[in-house]
Amino acid sequence: MVAKIIYDENLKMFHLSNDKISYIMHVDHHNVLTHIYMGGKVRNLSTLGIYPKFNRDFEVNPEEVGLDYRQFSLGILPLEYSGNNSGDFREPSLIIRDQEGSTVNDFRYIDHEIFDGVSQIDGLPSSYVEAQDEAKTLRLYLFDEALQHELVLNYTVFNNQPVIARSAKLINKSDQKSVIYKIASASVDVEPGDYDLLQLNGSWARERMVEREAIHTGIKKLDSKRGSSSHHQNPFIAILDKHTTEFRGKAVGYQLVYSGSHEMTVEKDPYQNLRVQLGIQSTGFEWNLSPEESFQTPEVLIAFSNQGINGLSQSYHDFIKQHIIPRKYAEFERPVLINNWEATYFDFTEEKVFDLVDKANELGIELFVLDDGWFGKRDDDFSSLGDWFEYHEKIPNGLKNIADYVHDKGMKFGLWFEPEMISEESELYKNHPDWVLHDVNKRASRGRSQYVLDMGRQEVRENIYTQMIEILDSIDIDYVKWDMNRNISETYSAALEDNKSGEANHRYILGLYDLLDRITSRYDNILFESCSGGGGRFDLGMLQYMPQVWTSDNTDPIARLKIQYGTSMIAPINTMGAHVSASPNHQTGRTTSIDFRAAVAYAGVYGYELDITSLNEDELASIAQQVRFYKENRALIQTGTFTRLMSPFEGNQVAWSIHNDNKMLLFYFEVLNEASKPLHKIKPMYLDPDVKYLVKYEGSEFEAYGDELMNLGIYIYPQLKNDFSARIFEITAI
Ligand code: DGJ
């Protein structure tokens, strides 16, 4: 059903809905915007959810209600966006200090508008529509009289998607400067209940580990102060009903569309009310707002599912394909690639590259990616970042010659960049040492022996842009990998006035988005892949510009079971780069079969990252067969529905499936083998009960109806005999 927004003037209530969700708000007698409901669709607006006014001792009553009225306290109401220091003692959504030093902030509703389409967010990635009738937006205007600041809250509801996009914008309408210390993108006061928190934390090479815990009284803050969305804490949380499972129960997801430092807080007060907030990291944040200036927050996507965590993920998958990544990539079949990084690291020659290309071509691989080491004088990770010109000593016949060689084979050519960084040993550093992000005393930590460029500065971006387009304009390049290999510290910017270093972090991200926008829109034909030491910036901000991300530097298939499982919570698998690499694995030292490595990597944007020139005939035959299998099933894998069936975080068996109307690929994995183990079964989901299917695996086949397969399940028989083993069932409608 199409998106609908109703304002009932008598009830002073707003109702955003489609066939899957409802979001309801109320403007109370004091013009406080209260939260009524977010969840499954309700048909009518009613006063049912309006919070009663009553007295709670030790809550305070705003001055406006007079001496003898104690029934009205901001601190007990479910609010849409809490103020600060004005009687709500829970977490504030914003903190603004005026010229006199007051941090009392209290915004009340004054007006609204409803329009087709989304709210355009300048300078930041956000959900989009291609036609205005795909969504409707409610814009609420709130005002703080004393502060003379306007707060604009945007709510967008989309056709057929259980997702609400929210963001906030603050405008200084006074004649004095103010400072913002905190400004959340969204705050949601959830009704009292027994909830769990689901989060994705990790580290380099161990991204997006799933953790679920009970929410207790108090404040829990999950965040990144790393200048990026980070390997360590993905900007996503979900609030689950206590009994919610993968397939049953209520789950509400919150995902920031932002690539920088962020924070997510969950506060349960002693009355069991829950407040959920997401936004830019407030520690160190200090944004100066002059008269008439405004500050726009990133967007949050709030998704609802009453079909468990899988339902939530599937909604996000669909939404991201339609409204976050460029829409052409929703269906665009991504080429099977080979990347030379783990095959050669920095140590490649033209001959080696040609050998890899020749072999890749024989195996049916479609895209060759030349990774780090082709520019400046880059032989290791100590030099040359910032010098985006060819390293002639290493590639004497030039990049164009390599690109031509690849293209002559009928393959595509890709190239690696790390545009946001600078090495001390570089031409760029010699000429512009002040372009390094450093504090006022010139302190700057190194990470991977490199510095960060001050992307907040226009002249820095211009330089990198000019260097990059010189390469991209002169050489036929089909794919670019945009890497970023350290976190950001000393975020003071030499270009900002003295009191503005609290802006540097966010200005960096705004600058990054500006550069990404200029580069990606200039090259419509180039497929961009985002990377940050693997999955250090796997967020919806980056996905808006680049429809796929290198999921992790960890290519070990056992580690990948967890990493890909966790990542599937937030994004569709056609955004997840997944490569078969060497065995023993370079990150974990684990030895696994080439078939097992492929079985795990199939659930993603597939590729290879190993020296295929040194493999034996059997391994090469396996790869050729794997590439054929992936290509045959690519449309299904990249556009079908991904379902998690058995969790690697819970046991030895892992399973997932990908299906469309005609076919399902059902993947079953066992991590360690056991003696005398139970005879396991797997039960697929989402088949049509009335359709007969042909089930094929490892040379065997049988026929069964969907209801039989889903209810009786399939025995894992013959049993798997080794550690790290997999079985793939191809289930095709007859
Ligand atoms: C980190 C990336 O994740 C790797 O794939 C590779 O591109 C290296 N950087 C190159 O320095």
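Let's see how each residue does on (1) farther than 19 Å from Y608 by Cα; (2) under 29 Å from the mean Cα position of the chain (by Cα):
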position	(1), (2)
A343	no, yes
G376	yes, no
S384	yes, no
E420	yes, yes
P433	yes, no
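Residues are listed down the side, and each one gets a yes or a no for (1) at positive phi; (2) buried (at least 24 other Cβ atoms within 10 Å of the Cβ); (3) outside any helix (DSSP H, G or I):
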| site | (1), (2), (3) |
| --- | --- |
| F528 | no, no, yes |
| L543 | no, yes, no |
| M569 | no, no, yes |
| N574 | no, yes, no |
| V600 | no, yes, no |
| T613 | no, no, no |
| D618 | no, no, no |
Quick check on the stretch 481-493. Is at least one of its residues basic (K, R) and away from the ligand (no atom under 16 Å from the Cβ)? no
Just name the residue that is farthest from the ligand (Cβ to nearest atom) out of those in the stretch 495-534 that are touching a helix residue (DSSP H, G or I) at 6+ places or on another chain (Cβ under 7 Å) and among the small types (G, A, S). G511
Which residues, taken from the stretch 550-592, are hydroxyl-bearing (S, T, Y), away from the ligand (no atom under 16 Å from the Cβ) and under 21 Å from P235 (Cβ atoms)? Y565, S568
Against the condition farther than 19 Å from L274 by Cα, among the polar types (S, T, N, Q) and not in a strand (DSSP E or B), how does S167 come out, does it pass? no
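Evaluate the following for E425: is it within 28 Å of N505 (Cβ to Cβ) and within 15 Å of the ligand (Cβ to nearest atom)?
Numbers: within 28 Å of N505 (Cβ to Cβ): yes; within 15 Å of the ligand (Cβ to nearest atom): no.
In short, no.
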What do you reckon, is F319 in contact with a Leu (Cβ under 9 Å, 6 or more places away or on another chain) and free of Cβ contacts under 8 Å to residues at least 60 places away in the same chain? no
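Considering only the stretch 342-369, state which residues are aliphatic (A, V, I, L, M) and out of contact with any Gly (no Cβ under 7 Å at 6 or more places or on another chain).
Scanning the stretch 342-369 gives A343, V353, L356, V357, A360, L363, I365.
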Report whether or not N310 is within 22 Å of the chain's Cα centre (by Cα), modelled with pLDDT of 95 or more, in a helix (DSSP H, G or I) and away from the ligand (no atom under 16 Å from the Cβ). yes
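Can you report the number of residues in the stretch 708-728 which are crowded, with 18+ Cβ neighbours inside 10 Å and either in a loop (DSSP other than H, G, I, E, B) or among the hydrophobic types (A, V, I, L, M, F, W, C) (or both)?
7
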Residues (without any contact (Cβ under 8 Å) to a residue 60 or more places away in the chain and either touching a helix residue (DSSP H, G or I) at 6+ places or on another chain (Cβ under 8 Å) or closer than 21 Å to P335 by Cα (or both)) located in the stretch 561-584: Q564, M576, G577, A578, V580, S583
Per-region count, the stretch 26-42, residues farther than 17 Å from V252 by Cα and surrounded by 18 or more Cβ atoms within 10 Å (Cβ to Cβ): 5
Would you mind finding the one in Y465, Y451 that is over 25 Å from T297 (Cα atoms), among the aromatic types (F, W, Y) and within 16 Å of the ligand (Cβ to nearest atom)? Y451
Within the group L45, L11, L16, which residue is in the same structural domain as K268 (by TED's automatic domain parsing) and farther than 23 Å from A251 by Cα? L11
In the stretch 383-393, the residues that are surrounded by fewer than 17 Cβ atoms within 10 Å (Cβ to Cβ) and within 21 Å of M455 (Cα to Cα): F389
Look at the stretch 327-359 and say how many of its residues are buried (at least 19 other Cβ atoms within 10 Å of the Cβ) and under 18 Å from G577 (Cα atoms). 11
Residue among E390, E342, E366, E362 that alone is within 17 Å of W416 (Cβ to Cβ) and more than 16 Å from the ligand (Cβ to nearest atom): E390
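Residue by residue, here is whether (1) of a type in the set (F, W, Y); (2) in the same structural domain as S187 (by TED's automatic domain parsing); (3) touching a residue at least 60 places away in the same chain (Cβ under 8 Å) holds:
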residue: L67; (1), (2), (3): no, yes, no
residue: Y81; (1), (2), (3): yes, yes, yes
residue: R90; (1), (2), (3): no, yes, yes
residue: L94; (1), (2), (3): no, yes, yes
residue: R97; (1), (2), (3): no, yes, yes
residue: G101; (1), (2), (3): no, yes, no
residue: N105; (1), (2), (3): no, yes, no
residue: D111; (1), (2), (3): no, yes, no
Evaluate the following for D618: is it over 20 Å from F724 (Cβ atoms), assigned by TED's automatic domain parsing to the domain that holds V357 and either within 16 Å of the ligand (Cβ to nearest atom) or not basic (K, R) (or both)? no
Output the residue which, of all residues in the stretch 271-302 that are under 14 Å from Y258 (Cβ atoms) and outside any strand (DSSP E or B), is nearest to the chain's Cα centre (by Cα). P298
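Report yes if A704 is of a type in the set (A, V, I, L, M), farther than 23 Å from G651 by Cα and at pLDDT 95 or above, otherwise no.
Taking the combined requirement at face value, the residue satisfies it.
The values are calculated or read from the model by the stated rules, or taken from the named source; none is laboratory data. Note that the structure is a prediction, hence the values are computed from the model and not measured. Reconstructed Cβ throughout: ideal geometry from the backbone, glycine too, with neighbour counts over all protein chains shown.
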